[in-house]
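K.L.:
Got a structure for you, written out below as structure tokens; questions coming shortly.
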Amino acid sequence: MPVPAARPDIAAAHGDKPGYGDNIMVIADDGRFWAGPPDAYLVVMWAVRGLRAASYLLSLPILKALTNRVFQWVAGNKYAFNQHSEDVCASRFAVTV
């Protein structure tokens, strides 16, 4: 469930962690924390039932460097993929799984 990263309890618990607020963040119920590519994106992919196998494969050490480059390229070209770039939400969220 997406929650605002600026929510006081989230910021108090995770504000000192590397990558906090800079990119997508995932916080597990047990407190584990992932931020930015590729780790947080892989956790989000794993949370989508149909993408679990792909998430596992992309997280293998032999593919992780390539995965990171692909995520960085997609992020750098995100507006080319979005026909309505002016409608993109600028809010930052932390995703709990």
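The values are calculated or read from the model by the stated rules, or taken from the named source; none is laboratory data. Computed from a predicted model, the values in this text were never measured in an experiment. Note that each Cβ is placed from the backbone with ideal geometry, even for glycine, and that neighbours are counted across all protein chains shown.
K.L.:
Please name all residue pairs, on different chains or six or more residues apart, with Cβ atoms under 9 Å, provided the first residue is in region 1-30 and is closer than 17 Å to LEU42 by Cβ and the second residue is among the acidic types (Asp, Glu) and assigned to a helix (DSSP H, G or I).
P.N.:
If the second residue must be among the acidic types (Asp, Glu) and assigned to a helix (DSSP H, G or I), the pairs left are GLY19/ASP39; VAL26/ASP39.
K.L.:
Look at region 29-41 and say how many of its residues are in a loop (DSSP other than H, G, I, E, B) and within 25 Å of VAL74 (Cα to Cα).
P.N.:
Total meeting the criteria: 3.
K.L.:
Within region 47-60, can one find any residue that is touching a Pro at 6+ places or on another chain (Cβ under 8 Å), modelled with pLDDT of 85 or more and not hydrophobic (A, V, I, L, M, F, W, C)?
P.N.:
Yes, region 47-60 contains at least one residue that is touching a Pro at 6+ places or on another chain (Cβ under 8 Å), modelled with pLDDT of 85 or more and not hydrophobic (A, V, I, L, M, F, W, C).
K.L.:
Take region 2-57 and flag every residue that is exposed (fewer than 12 other Cβ atoms within 10 Å of the Cβ) and at positive phi.
P.N.:
If the condition is that a residue be exposed (fewer than 12 other Cβ atoms within 10 Å of the Cβ) and at positive phi, then GLY31 is the only one that fits.
K.L.:
On to the next question. Select, from VAL26, VAL88, VAL44, the only residue that is at pLDDT below 80 and aliphatic (A, V, I, L, M).
P.N.:
Being at pLDDT below 80 and aliphatic (A, V, I, L, M) holds for just one of VAL26, VAL88, VAL44, which is VAL88.
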